[in-house]
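Notes follow the structure.
Rule-based calculations on the coordinates, nothing more; no lab input. As the structure is a prediction and not an experimental result, all values here were calculated from the model. Every residue, glycine as well, gets a Cβ built from its backbone with ideal geometry; the counts of neighbours run over all protein chains shown.
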Amino acid sequence: MRGWVRALALIAVLAAPSAGAETPWVWDLPAWVPRPRVPADNPMTVEKVALGRQLFYDKQLSLNGKGACASCHIQAKAFTDGRKVGVGVTGEKHVRNSMGLANVAYVPVLTWANPLLHSLEQQALVPMFGENPVELGLAGQEEALFARLKADPRYPALFQAAFPAEGGTISLRSITQALAAFERSIVSFSSPYDRYRYGNEPNAISAAAKRGEALFFSERLECFHCHGGITFSNAVTHERLAFVEAGFHQTGLYNLDGKGAYPANNPGAIEVTGEAQDMGRFRTPSLRNVAVTAPYMHDGSIATLDAAIDHYAAGGRAKSAQTDQLIVGFKLNKSERADLIAFLRSLTDQRLLTTPAYGPPK
Ligand code: HEC
Ligand code: HEC
């Protein structure tokens, strides 16, 4: 019987055009971390991640050779870029701040203000082909891009290894699937806070950070309601969650008309949904690695963690009736403020920032 099964399996393998050449990707996750959900039509493989990494760092993915995904998503800054807003290869400014990519596989709604964008494969098309603003500037350049990659001695073999069933085709589908696979490989659960909370290392963080943790998770500050869970964001999904959480909130950053209006060129989820209640609502960002992702907020309008705390302490720097009920305002004395910042700093994961696996390929 067993021999039969094996023989059938062998026939199946020989018959499949992919010939079983791909190696399934296995995340190196701590036991307490659930695995992310992966789209059925783009399973994770070692070969796809390797190709995606090559593409992510390759300036050939731009109109003029001046930028790559990695220009605005820098590993040492937890895949943000340190600028107020992203700047594309033609110098055009984005209206929004470049987002970190750590644990993006766990994010069910992508970008700051688009509740309808769910797939990393689709998202990759925006920086490549978007014209408002121009990021990589590839609109109308598809064929030229494919030709460049075909002519590059590295790529045909990489595409063949990653997409054997499709004969290694270089297409928008294979490019975006590989980019998405690389992005899904980028995880961050090895901060000192994780070692303290889950790793039986009671001294991995300072006494100040422990006091800051208590403040963060208190009903006095309310931070954890929106920045809770494994990614410190209530926009999260994974294989152990029955329901996707997609947190969008108006946190009182603008009140241009006394009724909570945000700037017309950057109004939040309302731009996509057209619903009045979505004015000023942006997706809750993860606070993992927040100490290295300044400046903050969807438009980079808050320069430091200290200033972010000022904003929340005031109950929103420009609060209005639209501001979320959980933005309550509070008073912190000097040492409590230092404690809260020490806690936020304990969420920085040096492995994420330095592991060669997420850096430029050699
Ligand atoms: C010019 C700078 C720039 C470039 C180049 C760029 N990005 Fe981004 N990225 C941004 C900005 C700005 C945002 C926020 C966009 C928004 O909210 O509309 C973002 C958001 C994202 C997100 C959403 C993350 C989340 O948590 O929702 C992903 C994923 C992403 N970028 C991947 C990529 C990939 C892949 C590439 C290359 C194909 C790329 N980016 C190129 C600036 C850039
Ligand atoms: C009602 C939900 C909510 C609560 C409560 C909340 N936040 Fe936020 N937080 C958000 C959202 C949404 C954003 C993005 C807002 C924007 O850019 O318009 C954000 C942004 C941030 C940022 C900037 C992160 C980045 O990458 O730009 C920091 C830091 C932050 N919050 C810390 C805190 C702290 C500390 C508390 C508690 C004092 C707190 N938050 C309470 C929802 C919340």
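Report the Cα centroid-to-centroid distance between the range 266-309 and the range 118-189 in angstrom, as an integer.
What the calculation gives is 28 Å, centre to centre.
What is the spin-label model distance, in nm, from Tyr198 to Arg83 if the labels are put 7 Å beyond Cα along the C-beta direction?
My value for the distance between the label points is 3.4 nm.
If you average over every viewing direction, what projected area does the convex hull of the Cα atoms of the range 22-187 give, in nm²? Don't skip to the end; give the middle numbers.
Numbers: hull surface 39.5 nm².
With every direction weighted equally, the projected area is 9.9 nm².
If you count, for each residue, the other Cβ atoms within 10 Å and average over each peptide, how do 167-173, 184-190 line up from highest to lowest? Provide the component values of the computation, followed by the final result.
Numbers: 167-173: 14.7, 184-190: 22.1.
With the highest mean Cβ count within 10 Å placed first, the list reads 184-190, 167-173.
Could you run the Karplus curve 6.51 cos²θ - 1.76 cosθ + 1.60 with θ = phi - 60° over the range 239-244 and give me ³J(HN,Hα) per residue in whole Hz, x for Gly and Pro?
Per-residue couplings from phi come out as 5, 9, 9, 6, 10, 6 Hz.
Go ahead and run the numbers for FRET between Glu143 and Thr23, Cβ-Cβ distance against an R0 of 35 Å, rounding to 0.05.
Numbers: r = 31 Å, r/R0 = 0.90.
E between Glu143 and Thr23, to the nearest 0.05, is 0.65.
From the backbone phi of the range 78-86, what are the Karplus-calculated ³J(HN,Hα) couplings (6.51 cos²θ - 1.76 cosθ + 1.60, θ = phi - 60°) in whole Hz, Gly and Pro given as x?
Coupling constants for the range 78-86: 6, 6, 9, 10, x, 9, 4, 9, x Hz.
Do me a favour and compute the ellipsoid semi-axes for the chain from its Cα gyration tensor, root of five times each eigenvalue, largest one first, whole Å. Walk me through the numbers on the way to the answer.
Working: eigenvalues 285, 133, 68 Å².
Whole-Å semi-axes of the equivalent ellipsoid: 38, 26, 19.
For Val38, project a label point 7 Å along Cα to C-beta. Then give me every residue of the range 171-187 with its amide nitrogen under 17 Å of that point.
174-187
Testing the spin-label approximation: label points 7 Å from Cα along Cα→Cβ at Ala318 and Lys334. State their distance in nm.
Result for the modelled spin labels: 3.2 nm.
Restricting the calculation to Cα positions, tell me the Rg (one decimal) and the Dmax (whole number) of the range 192-351 in Å.
16.3, 51
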